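First up is the structure itself, then whatever we jot down about it.
The values are calculated or read from the model by the stated rules, or taken from the named source; none is laboratory data. Keep in mind it's a predicted model, so treat the numbers as computed, not measured. Here Cβ is always computed from backbone atoms with ideal geometry, including for glycine, and neighbour counts include all displayed protein chains. The accessibility values were calculated without ligands, DNA or RNA, using every heavy atom of the protein model including side chains. Shrake-Rupley method; radii C 1.70, N 1.55, O 1.52, S 1.80 Å.
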Amino acid sequence: MRKTIIAGNWKMHKTISESIELANGLKRELFKLDTQDIDIVICPGFTALAEVTEVIQGSNIQLGAQDLYWQKEGAFTGEISSLMLKDAGCSFVIIGHSERRQFFSETNESVNKKLKAALSEGLTPIVCVGETLSERESKKTFKVLDDHIKNSLMDISPEDILKIVIAYEPVWAIGTGKTATSQEAEEAQKYIRGLLIKMYNEEVASFLRIQYGGSVKPENIVELVSEPDVDGALVGGASLKVDSFSEIVKLASGVKK
Ligand code: 13P
């Protein structure tokens, strides 16, 4: 059985003191949940990582970053390496988010390099894939997923692939309030699992966790994670408040499949 994973992507929100406040609030609300049952991850902005690490130390909440650069070190002004993330206390890192693909020229090729860099440092990558509205409307969803999955995961060994998490995030559902229906999420995520069977094998595909992301909130989390191929959520807007994110985590941890 795959362990549910709920991650909060704070995007470009929160100062250091606001991040500490949110992390403290989540720690207070979620301390009763068992890490045997659920993985809880928060991904603050870079500047708050080291401080938030201190706050969540010894708790059931793990730390993630929102991006990294694939080089180990060097003259790459403005970039952050996997080693730096590890040093700041991260165990997860989001890679290839659609906002990076859309606004910062992220490609499958750069996602692949970042993925390898994260793995080499022992970070768990959360690799994002998903179609835009026009791609969905022109019935290209599966084609986009083929492209994102095959090329982003190029040359990743069966052993390493087991260390990653995939997030299916249809771009049209991000920040729009327009969630994919649980059937739409399941259809796409089952398709992704099918691709993984072809690329690896049944056992690998059945082990790998696939999250859904896009306007996840307390009102829709139960329906989404009740689907057989939806193993958790990557939450944007609703992860910025203690009440909504802790509610999502608690509801998801109560879903038995
Ligand atoms: P929203 O939950 O705000 O739609 O954002 C989803 C997302 O992009 C998470 O990475």
Worksheet, complete the sentence: Residues meeting the amide H criterion for THR124 (H placed from the backbone, H to H distance under 5 Å, 5 or more places apart or on another chain) are PHE92, VAL93
Item to complete: Would you please give the residues with an amide H less than 5 Å from that of GLY213, counting only those at least 5 places away or on a separate chain, with H modeled from the backbone geometry?
Response: TYR168, GLU169, LEU234
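Cβ under 9 Å from GLN189's Cβ, GLN189 left aside: what net charge do those residues give with Lys, Arg +1 and Asp, Glu -1? Write out the running numbers ahead of the final one.
Details: positive: LYS190, ARG193; negative: GLU186, GLU187, GLU227, ASP229, ASP231.
Result for the neighbourhood of GLN189: -3.
What does the charge count around GLY214 come to, taking other residues whose C-beta lies under 13 Å from its C-beta (Lys +1, Arg +1, Asp -1, Glu -1)? Each step should come with its number before you reach the end.
Working: positive: ARG136, LYS178, LYS217; negative: GLU99, GLU131, GLU169, GLU184.
Local charge sum for GLY214: -1.
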Practice prompt. Using a 1.4 angstrom probe on heavy atoms only, work out the carbon and sulfur share of the accessible area of the chain in %.
Written response: 53 percent
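Structure shown: which of LYS14/LYS163; LYS114/LYS163; LYS3/LYS257 lie over 18 Å apart, alpha-carbon to alpha-carbon?
On the way: LYS14/LYS163 29 Å; LYS114/LYS163 14 Å; LYS3/LYS257 10 Å.
As for pairs spanning more than 18 Å Cα to Cα, those are LYS14/LYS163.
Report the local net charge at MET84: Lys and Arg +1, Asp and Glu -1, summed over other residues whose C-beta lies under 12 Å from its C-beta. Working shown, then result.
Working: positive: LYS72, LYS86; negative: ASP67, GLU73, GLU79, ASP87, GLU121.
Spelling it out: positives minus negatives among the neighbours equals -3.
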Fill in: Bins of 5 Å, starting at 0 and running to the largest distance - Cα pair percent for the chain
1, 6, 14, 19, 21, 18, 13, 6, 1, 0
Worksheet entry | For the chain, calculated [θ]222 nm from helices alone, where every DSSP H run of n ≥ 4 adds -39500 (n - 2.57) | -12500 deg cm²/dmol
